[in-house]
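Here the structure comes first, spelled out in structure tokens, and everything after it is commentary.
The values are calculated or read from the model by the stated rules, or taken from the named source; none is laboratory data. What you see is a predicted model, and the numbers here were worked out from it, not measured in a lab. Positions of Cβ are backbone-derived with ideal geometry, glycine not excepted, and every protein chain shown enters the neighbour counts. These area figures cover heavy atoms from the full protein model, side chains too; ligands, DNA and RNA do not enter into them. Shrake-Rupley method; radii C 1.70, N 1.55, O 1.52, S 1.80 Å.
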Amino acid sequence: MKKKKNPQKKYFYLALGCITIIAGIIYYYFFTAISAKSTTQYLYIDQDDTADSVCVKLASISNSHGITAFRTLVRHSSYGKNIRTGRYEITPSNGAFTVFRKIKSGMQAPVNLTIPSVRTLDKLADAVAGKMMFSKEELLNALNDNETCRKYGYTPQTISCMFIPNTYDLYWNSSVDKFLDKMSEESKKFWTFERKNKAKAMELTPVQVITLASIVDEETANDGEKPMIAGMYYNRLKENMPLQADPTIKFALKKFELKRIYHNMLNTDSPYNTYRNTGLPPGPIRIPTVKGIDAVLNYVHHDYLYMCAKEDFSGTHNFARTYEEHKQNAAKYSKALNERGIN
């Protein structure tokens, strides 16, 4: 006798098959990789973005089924009412649901922001603003604002002392104020008890140390010689002699490309002209390197008062105790410049 087929069992398997297909479609659209790229990508959402513009930006990264799923999640949520700015990481394995959750909850990926050793605040703003949501103009306005500088204990001439060349983690959508707060915190960390004590022993403030370091850095790229040069300039400071640092003339003239400094340039009317003025200039002539700062704090104790670039163009210097010795060194260097036709 044949067994009767159980219709309930048939419907159960049919339903199970439908559920499996639906689950597979959901998984495919919402949980398989949204990115069409094989490497990690970043989605930048700024204050002008809408839900639609976010979808458009994501579409340039996403595959077709991924962006369809993302748009579905946006359409059936309140995302458009609370768009969070930021820089969001999209890895090759992230699905639409994961990406949507990151963006909706503001789970940003930090920016590795490198503060470079550059000559001007304008160059600093170029480097920083290119990596952050705020504009170059916003940052420069803050750095040139007396009240903002005063808040951190500086002036527009010395605010560059707050920036210690290194790489820092920040969120892309940080405001200028948050960025400056972070730089202030990092500067305080840099000025350890040991560094402060060394500066105190030299009877210099951290600002003065950094200002001197900026001159040392401009004089040579040779880290090994920097403590020697720092010692020479420190001797001049103690003797109340003009520093007579050629890089300060370049800074005063804003002509950093100069290969030679001529006598008529030494009369440039500027507080940064260390031929006309004794002591340190009003502020750094660049953001110095950490090597440059530590070279000042660990200067070589010697009795040299003069130095001149070596005639072999090695980037190092001849040092002298007397002006007569220095004139001989300067003559050798001048001759080498003439022979090479360097003006």
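Highest first, please rank the peptides 324-331, 288-295 by the mean number of other Cβ atoms sitting within 10 Å of their residues. Working shown, then result.
Values: 324-331: 14.6, 288-295: 22.5.
Averaged packing, sorted descending, gives the order 288-295, 324-331.
What pairs from Lys37/Lys178; Lys196/Lys238; Lys123/Lys226; Lys238/Lys259; Lys123/Lys151; Lys255/Lys310 go past 26 Å between their alpha carbons?
Details: Lys37/Lys178 33 Å; Lys196/Lys238 19 Å; Lys123/Lys226 24 Å; Lys238/Lys259 29 Å; Lys123/Lys151 23 Å; Lys255/Lys310 22 Å.
Check vs 26 Å cut-off fails for Lys37/Lys178; Lys238/Lys259.
Any idea of Asp48's accessible area? Nearest 10 Å², probe 1.4 Å.
130 Å²
Classify the range 136-211 as rounded, prolate or oblate from the Cα gyration tensor: take a ≥ b ≥ c as the square roots of its eigenvalues, call it rounded if a/c is under 1.5, otherwise prolate when a/b beats b/c and oblate if not.
Working: a/c = 2.74, a/b = 1.55, b/c = 1.77.
Oblate.
Rounded to the nearest angstrom and ordered from largest down, what semi-axes does the equivalent ellipsoid of the range 208-309 get from its C-alpha gyration tensor (root of 5λ)?
Values: eigenvalues 82, 43, 31 Å².
Values for the range 208-309, descending: 20, 15, 12 Å.
Hey, what's the Cα Rg ratio for the range 90-195 versus the globular rule of thumb, 2.2 N^0.38 Å? Please report the intermediate quantities before stating the final value.
Values: Rg = 16.2 Å, N = 106, 2.2 N^0.38 = 12.9 Å.
Against the compact-globule rule of thumb, the ratio is 1.25.
In the range 292-325, which chymotrypsin sites (Phe, Trp or Tyr not before Pro) fall in coil by DSSP and have 12 or fewer other Cβ atoms within 10 Å? Intermediate results must be reported in sequence, preceding the final value.
Numbers: sites: Tyr299, Tyr304, Tyr306, Phe313, Phe319, Tyr323; in loops: Tyr299, Tyr304, Phe313.
Answer by residue number: Phe313.
Across all directions of projection, what mean area in square nanometres is found for the Cα convex hull of the range 107-255?
Numbers: hull surface 40.5 nm².
So the Cα hull casts an average projection of 10.1 nm².
Just the ratio, please: alpha-carbon radius of gyration of the range 1-141 over 2.2 N^0.38 Å, N its number of residues. Don't skip to the end; give the middle numbers.
Details: Rg = 23.0 Å, N = 141, 2.2 N^0.38 = 14.4 Å.
Relative to the rule-of-thumb radius for its length, the range 1-141 sits at 1.59.
Of the heavy-atom accessible surface of the range 224-331 (probe 1.4 angstrom), what whole percent is carbon and sulfur? Before the final figure, lay out the partial values.
On the way: 2520 of 5230 Å².
Roughly 48 percent, rounded to a whole number.
Between the range 303-342 and the range 111-171, how far is it from one alpha carbon centroid to the other, in angstrom?
36 Å
Hey, any idea what Rg/Rh is for the range 25-104, computing Rh the Kirkwood way over Cα pairs? Write down the numbers at each step before the final one.
On the way: Rg = 11.3 Å, Rh = 12.3 Å.
That ratio equals 0.92.
Which order do you get for Met133, Met107, Met162 if you rank them by accessible area with a 1.4 Å probe, largest at the top?
Values: Met133 55, Met107 100, Met162 0 Å².
Listed by decreasing accessible area, they come as Met107, Met133, Met162.
Lys178 accessible area, nearest 10 Å², 1.4 Å probe?
Roll a 1.4 Å probe over it and Lys178 shows about 130 Å².
What ratio of Cα Rg to 2.2 N^0.38 Å holds for the chain?
Working: Rg = 30.8 Å, N = 343, 2.2 N^0.38 = 20.2 Å.
After normalising by residue count via 2.2 N^0.38 Å, the value is 1.52.
Need one number for the range 11-69: average projected area of the convex hull over its C-alpha atoms, nm².
Values: hull surface 20.8 nm².
Directional mean of the projected Cα hull area for the range 11-69 stands at 5.2 nm².
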